[in-house]
Amino acid sequence: MPPPSAPELLTPRSDQVARFEGDLARLIDVAADRVLVAVSGGPDSVALLLLAHEVLGDRCHAATVDHGIRAAAAAEAAFVARLCDERGIAHRILTGPMPPRAGRTANLSARARAMRYALLERHLAECGGGWLATGHHADDQLETLVMRLNRGAGVAGLSGVRVRGGRIVRPLLGWRRAELVALVAQCGIKPVSDPSNADDRFDRARLRKELAGAGWLDAGGWAASAAALADAEEALDFATDLLMQEHCDIDDVGVGFVAEGLPFELRRRLTARCLDHVQPHIDPRGDALVRLVRTLDAGGIATLGGVRARAGKTAHGRPYWRFAAAPPRRSG
C-alpha cells in the first residue's frame, strides 16, 4: 500500500493575494526584490508570511526573534520554524543579548524592540539585502495614534507608523486585524497568542481593550489621517532642508539663521538641525526643544546638549539666532 499523502496546504484566496500584491508593489519591486518577513507566530505576522510567500515565492524569507524574556518564546519560535518548513520557506530563529538599561531604551519593551530590529537587520544583510517586512496593520496604527495624541505628539509623532522607513516596509497598514485573523484561520493555522497583548501592565494592552469597546472608531479613517500627516511631515522636512541649505550661515565655529518671518514650526525644525550640526546626534526631547525656541523668541540665551544658542540682531536689526559649542564648565 502506498504511504498516505500529506494533506494539501491551504493558502490565502486569490483576491486576498491580489490585494496584497498591489499593496506590496507600491513599496518594492515585487518581480525582483527579496523580502525578509519578521514572524512572531501571531496572526498578523503569520498572515503577512502567507501572503508574501504567495507573491514572492523563494524570494520570501522569514525570521523569528527569541528575546529570551518569556519561557514560551522558544516554543513559539519553533512553531514558526515548523510552519515555514511545511511550506518551503527559508527561516531562521534569531537570538542575542538584550541591550542594557540606558537612556531612552530603559523600559523592557523598548529594549526588546531595539534588540529585535538589530538582529533582523543583520540577518537581512545575510539574506542578500532587500527589504524587511513587518505585520503592522490598521488597528496598530489607530492604537499608536491614540497613544501619541495622549502624550501631546506633534506632526511627526502623529504621522504614526510609516508604510516605509529605511529598509523596513509595512504592507498591511491598510488591513484590519480581524481580516488577518480570518485569513490565518481559513488557512487552517492556529497562531500563537502572546500574553503580553492582554497584560494590563503595558499601555498598549490597556488601550487595546478600551478601543475594542469603541465601535464608532474607524481604524481605516485614522490610518488615512496618519498617511496625510506623514505627507505633511515629508513636506516640512523638505522645506527645512531647503532652508538649511539656503537660509543658514555655516562656518567653522557654528551656524546661524535669520529667524524673522518664519512660522514657529520651521523655526523649531531649523533649530533642531542647527543643534545637530554643532553636536551630531543630540536628539533633544520635544519639550526641551520648544522651550529653547521660546527662549530665543524672547531674545534670550540657553544651552542644550552642549550647544549654546544665542538670540541677537543682524546689522539691519533683524532677529538672528546663533548656535555654537558651549564653553566647557568650570571645575571647582
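The values are calculated or read from the model by the stated rules, or taken from the named source; none is laboratory data. If you're wondering where the values come from, they're calculated on a predicted model, not measured in any experiment. With ideal geometry, Cβ positions are generated from the backbone for all residues, glycine too; neighbour counts draw on all protein chains shown.
Does region 48-97 hold any residues that are assigned to a helix (DSSP H, G or I), hydrophobic (A, V, I, L, M, F, W, C) and either more than 18 Å from Glu21 (Cβ to Cβ) or at pLDDT below 95 (or both), and which are they?
Matches in region 48-97: Ala73, Ala74, Ala75, Ala77, Ala78, Phe79, Val80, Ala81, Leu83, Cys84.
Free of Cβ contacts under 8 Å to residues at least 40 places away in the same chain and crowded, with 17+ Cβ neighbours inside 10 Å: does that describe Leu49?
So Leu49 fails the test.
For region 151-261, give me every one of the helices (runs of 4 or more DSSP H) that falls completely inside it and has 2 or more residues that are at pLDDT 95 or above and aromatic (Phe, Trp, Tyr).
By residue number, no helices (runs of 4 or more DSSP H) qualify.
Which count do you get for residues in region 288-317 that are assigned to a loop (DSSP other than H, G, I, E, B), at pLDDT 90 or above and either among the β-branched types (Val, Ile, Thr) or buried (at least 16 other Cβ atoms within 10 Å of the Cβ) (or both)?
Residues that pass the stated criteria total 1.
In region 262-287, what residues are among the β-branched types (Val, Ile, Thr) and part of a helix (DSSP H, G or I)?
Residues satisfying the conditions are Thr271, Val278.
For region 98-150, what are the residues that are among the β-branched types (Val, Ile, Thr) and either surrounded by fewer than 14 Cβ atoms within 10 Å (Cβ to Cβ) or modelled with pLDDT of 90 or more (or both)?
Thr134
Looking only at residues in region 63-90 that are in contact (Cβ under 8 Å) with a residue 40 or more places away in the chain and in contact with a helix residue (DSSP H, G or I) (Cβ under 6 Å, 6 or more places away or on another chain), which one is nearest to Ala110 (Cα to Cα)?
Restricting to residues being in contact (Cβ under 8 Å) with a residue 40 or more places away in the chain and in contact with a helix residue (DSSP H, G or I) (Cβ under 6 Å, 6 or more places away or on another chain), the top hit is His67.
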